[in-house]
Structures are given as C-alpha cells and as structure tokens.
Amino acid sequence: MNNPNLSIPVRAPAQTGPDDTILPFEVNALDLRGRIVRLGPAVDAILSGHDYPLPVAKLLGEAIVLTVMLGSALKFEGRFILQTQSDGPVRMLVVDFTSPGTVRACARFDAERIAAAIAADAAAPGHLLGQGHLAMTIDQGPDMSRYQGLVPLEGKDLEHAAHEYFLRSEQIPTRVRLAVAEEFRGGENGARRHWRAGGILLQFLPKAAERARQADLDPGDAPPGTELDVVAEDDAWVEGRSLVATVDDIELIDPATSSERLAYRLFHERGVRVFRTAPVHAQCSCSRQSVETMLQSFPQEDRDDMVENGKITVTCEFCSSTYVFGPEEIAATDSASA
Ligand SMILES: [Zn+2]
C-alpha cells in the first residue's frame with residue numbers, strides 16, 4: 001500500500017520539553033488537530049508582575065493559556081485579544097496575543113469581593129467571573145476589519161466558555177483543558193513561588209462536515225421531561241474527547257512531562273505527528289510614544305484633571321511601566337498639530 005507518511009521519521013517523544021512553547025500536533029487516523037501550550041517564565045513574568053490575589057492570578061493564568069492556544073492558530077500577522085466583562089468579583093480580564101508569539105495580560109477586580117469570596121471558599125473561576133460575556137477579537141491592523149466573537153459567561157469557567165464558543169460560533173467539535181499552578185523553588189534568597197501554566201486544545205476536523213455534528217453541552221431552558229435531540233457523535237471524536245478528559249492538571253504543568261510525552265501518552269495507539277514548536281514570550285507593546293499619543297487624544301480639560309504635583313503620570317495596566325509627562329509637553333504638541 002502506498003503510504004504517503006512513510007518518509008516521515010518516526011522517533012520517541014522527547015523526555016523533556018522547553019517551557020514557553022506551543023506544540024502543534026495531529027492525529028490523522030482520527031481527523032484530530034491540536035496544540036499543547038506549556039508556559040513557565042512567560043506566565044510567571046506576567047503574574048508575578050501584578051501581585052494579584054491568588055485566585056485572580058490563577059484565573060488570569062488560565063485566560064493566558066487559552067489566548068495563546070487560540071491566538072497562535074492565526075495564519076496571519078495580527079493581534080488576538082481575549083476579554084471578559086462580567087458582574088463577578090473579577091470584572092475584567094484582558095489578554096493580548098500578538099503574532100508570532102508575544103503575550104501580555106491584566107485583570108480588573110473588586111478587592112473586597114475577592115476577599116469575601118476567598119473567606120467563603122467561593123473563589124472558583126465560575127464564581128469569580130459571574131455573569132457576563134467573553135469576547136475574542138482578531139485585529140489585523142488599521143486597514144482590516146475586526147472580527148469579534150462573543151460567548152456568554154454564565155457562572156462557569158473559561159474551559160466551558162471556550163467549548164460553547166466553538167460549538168455555537170464555529171461549529172467545530174473542540175475540547176480545551178487549562179491548568180495553572182505555583183511551584184515553590186528554593187534559592188539563595190529563600191523560596192520563591194513561580195507560576196507555571198499549560199493547556200491542551202483538541203479539535204475534530206473531518207473532511208465530511210456531517211461527521212462534525214455535536215450534542216448540546218447542556219439542555220438549556222428545556223422544561224423537565226422534554227425529549228432532547230439525541231445526536232450521535234462521530235466515534236473518532238468521542239475517542240478524542242474521551243482521551244483529553246483523562247489529562248490531569250499536573251501533566252499540563254509538570255516540567256518533567258514534556259508536551260511531546262503528553263501527546264504520545266494520549267494518542268500513540270493511533271499515531272500522532274508533532275510539528276515544530278513555536279516560542280512564546282511575555283512582552284508589553286506600550287511605549288512612551290503610544291502613551292503620549294493617547295494623552296493627546298484626550299480633551300485638554302481631561303488632561304488638566306490628570307495633573308498631580310505638576311506632572312501627568314500614566315501607569316500601563318499590563319506591565320506596570322510608568323510614564324511621566326510635564327503637562328506642557330503634551331499641550332505643546334497638541335497646539336503645534338492643531
Ligand atoms: Zn505596558
């Protein structure tokens with residue numbers, strides 16, 4: 001039989017894998033494609049830089065993994081922005097992924113409500129987010145129209161929101177697993193905690209579209225006793241999503257389990273092909289120039305209100321960089337351009 005894959009080298013999975021990478025893979029026998037993201041220093045730089053309460057940092061870490069998994073699938077130059085807006089103690093999460101692999105993130109939250117949620121042991125991601133929506137925006141620059149996808153947040157976590165999005169908007173059977181944890185490591189200056197995060201995304205992309213039919217994730221508002229439409233899911237997809245359901249958090253974050261070993265553990269019986277990993281790093285896109293341009297776009301009155309001790313101070317919400325301007329610097333440029 002003519003097997004087009006014969007020339008592809010077959011090797012054992014690497015025992016260790018580098019942090020801050022995205023590993024794309026495919027399982028041709030089951031029409032599955034996916035990515036495994038593993039973050040060390042990149043997620044640690046972002047989360048350590050913010051000093052958020054623990055459950056907020058963990059939730060933002062999950063949003064970072066999800067954003068990296070989705071943003072790295074873009075086949076063009078641009079930005080992928082994931083943003084939540086909801087009525088829970090965490091009012092907003094924003095994660096920005098810029099191709100080919102830089103990420104930044106921040107959260108807005110109500111400190112008192114977070115403290116109350118922690119005290120009441122109600123700081124699960126779904127509780128922190130509450131009701132609202134998750135928006136995913138693709139921005140290819142000023143000359144291109146923006147694409148935005150929206151999915152409701154209904155007191156459930158980001159994995160659930162991602163599944164809903166792919167079910168309703170893209171109609172691609174998708175499973176996502178996200179994990180975030182702190183690792184305690186001793187050092188010369190005593191133990192410091194380091195954030196680690198990881199995730200796996202699996203999608204079923206059969207050539208025949210009718211094989212991608214999916215059952216509803218939950219019956220919604222159907223009255224009790226209603227006969228639900230029973231959708232027979234494709235066997236290949238059932239096998240794929242069942243395998244992903246066996247992934248433990250530790251497999252996604254443990255430095256001793258490489259992404260390749262995880263892919264192999266899940267799919268070796270069917271044959272899994274991995275592609276070259278892509279690097280990810282934490283980097284903000286703010287600059288003195290971009291802050292100055294923003295300030296110039298404000299009415300003079302608003303700028304006057306921002307003056308404290310004779311200076312305008314702007315702190316970037318993503319990276320905490322501080323930019324200080326004399327009021328005359330902005331005003332002078334403003335009148336010159338007018
Ligand atoms: Zn910044």
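The values are calculated or read from the model by the stated rules, or taken from the named source; none is laboratory data. What you are looking at is a predicted structure, and each value in this text was computed from that prediction instead of being measured. In this analysis, Cβ positions are derived from the backbone assuming ideal geometry, glycine residues included, and neighbour counts consider all displayed protein chains. For the accessible areas, the whole protein counts, side chains as well, though only heavy atoms, and no ligand, DNA or RNA atoms are used. Shrake-Rupley method; radii C 1.70, N 1.55, O 1.52, S 1.80 Å.
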- request: Sort by residue number and report every cysteine in the chain with no other cysteine beta carbon within a distance under 4.7 Å.
  value: Cys106
message: If I take every Cα pair under 8 Å that is 6 or more residues apart in the chain, average their sequence separation and divide by the length, what percent do I get for the relative contact order?
response: 22 percent
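Fully extended, how many nm does the chain gain between Arg211 and His268 (0.36 nm per residue separation, minus their Cα-Cα distance)? Show your work: numbers first, answer last.
Values: separation 57, 0.36 × 57 = 20.52 nm, distance 2.30 nm.
Contour length minus the Cα-Cα distance gives 18.2 nm.
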message: Taking the full set of protein chains and a 1.4 angstrom probe, give the accessible area of Leu153 in square angstrom, rounded to the nearest 10.
response: 0 Å²
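Run through the range 1-106 and list the chymotrypsin sites (Phe, Trp or Tyr not before Pro) located in a DSSP loop whose Cβ has at most 13 other Cβ atoms within 10 Å.
Values: sites: Phe25, Phe76, Phe80, Phe97; in loops: Phe76.
Passing sites in the range 1-106 are Phe76.
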query: Quick one: putting +1 on the C-beta of Lys and Arg, -1 on the C-beta of Asp and Glu, what dipole do you get for the chain around its Cα centre, in Debye to the nearest 20?
result: 1300 debye
task: Identify the trypsin sites (Lys or Arg not before Pro) of the range 235-287 meeting these criteria: DSSP loop state and at most 13 other C-beta atoms within 10 Å of the C-beta.
output: Arg276
statement: Placing +1 on each Lys and Arg Cβ and -1 on each Asp and Glu Cβ in the range 18-174, then taking the dipole about the Cα centre, the residue among Gln171, Leu134, Ala119 whose Cα reaches farthest towards the positive end is Gln171
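Which FRET efficiency, nearest 0.05, do Arg108 and Leu150 yield, Cβ-Cβ r, R0 25 Å? Working shown, then result.
Numbers: r = 19 Å, r/R0 = 0.76.
Computed FRET efficiency for Arg108 and Leu150: 0.85.
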query: Build a GNM of the chain with springs between Cα atoms under 10 Å: which of Asp121, Asp157, Asp248 gets the top mean-square fluctuation?
result: Asp121
field: Per-residue SASA entry for Phe109, accessible area with 1.4 Å probe, Å² rounded to 10
entry: 50 Å²
- prompt: For helix 41-50, what angle does its Cα long axis make with the longest principal axis of the chain, in degrees from 0 to 90 and rounded to 10?
  reply: 40 degrees
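With r as the distance between the Cβ atoms of Gln140 and Ala115 and R0 = 41 Å, compute the FRET efficiency 1/(1 + (r/R0)^6) and round to 0.05. Walk me through the intermediate numbers first.
Working: r = 41 Å, r/R0 = 0.99.
Rounded to the nearest 0.05, the efficiency is 0.50.
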Protection proxy ranking, peptides 306-312, 43-49, average beta carbon neighbours within 10 Å, highest first: 43-49, 306-312
message: Suppose we keep just the DSSP beta bridges with both residues in the chain; what percent of those would be antiparallel, to 5?
response: 95 percent
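Top to bottom by accessible area (1.4 Å), largest first, where do Met92, Met69, Met294 land?
Descending order: Met294, Met92, Met69.
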message: For a Förster distance of 41 Å, can you work out the FRET efficiency between the beta-carbons of Ser48 and Asn28, rounded to the nearest 0.05?
response: 0.55
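Run the helix sum for the chain: -39,500 (n - 2.57) per DSSP H stretch of 4+ residues, divided by residue count, reported at 222 nm to the nearest 500 deg cm²/dmol.
Working: 11 runs with 101 residues, N = 338.
Here the helix-only value at 222 nm equals -8500 deg cm²/dmol.
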Rounded accessible area of Ile253 (nearest 10 Å², 1.4 Å probe): 20 Å²
- request: Starting from the residue with the highest accessible area, list Arg79, Arg113, Arg11 in decreasing order, probe 1.4 Å.
  value: Arg11, Arg113, Arg79
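Where only protein heavy atoms count, and the probe is 1.4 Å, what is the accessible area per residue for the chain in Å²? Could the numbers behind the result be given before it?
Numbers: 17870 Å² over 338 residues.
Solvent-accessible surface per residue comes out at 53 Å².
Want the number for Arg11 to Arg193: 0.36 nm per residue separation, take away the alpha-carbon distance, what's left? Please list the in-between numbers first.
Working: separation 182, 0.36 × 182 = 65.52 nm, distance 3.53 nm.
My answer for the length gained is 62.0 nm.
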query: Which one of Ala124, Ala197, Ala63 has the biggest mean-square fluctuation once the chain is modelled by GNM with Cα springs under 10 Å?
result: Ala124
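Fully extended, how many nm does the chain gain between Ala73 and Ala122 (0.36 nm per residue separation, minus their Cα-Cα distance)? Before the final figure, lay out the partial values.
Working: separation 49, 0.36 × 49 = 17.64 nm, distance 3.39 nm.
Working it through step by step, the gained length comes to 14.2 nm.
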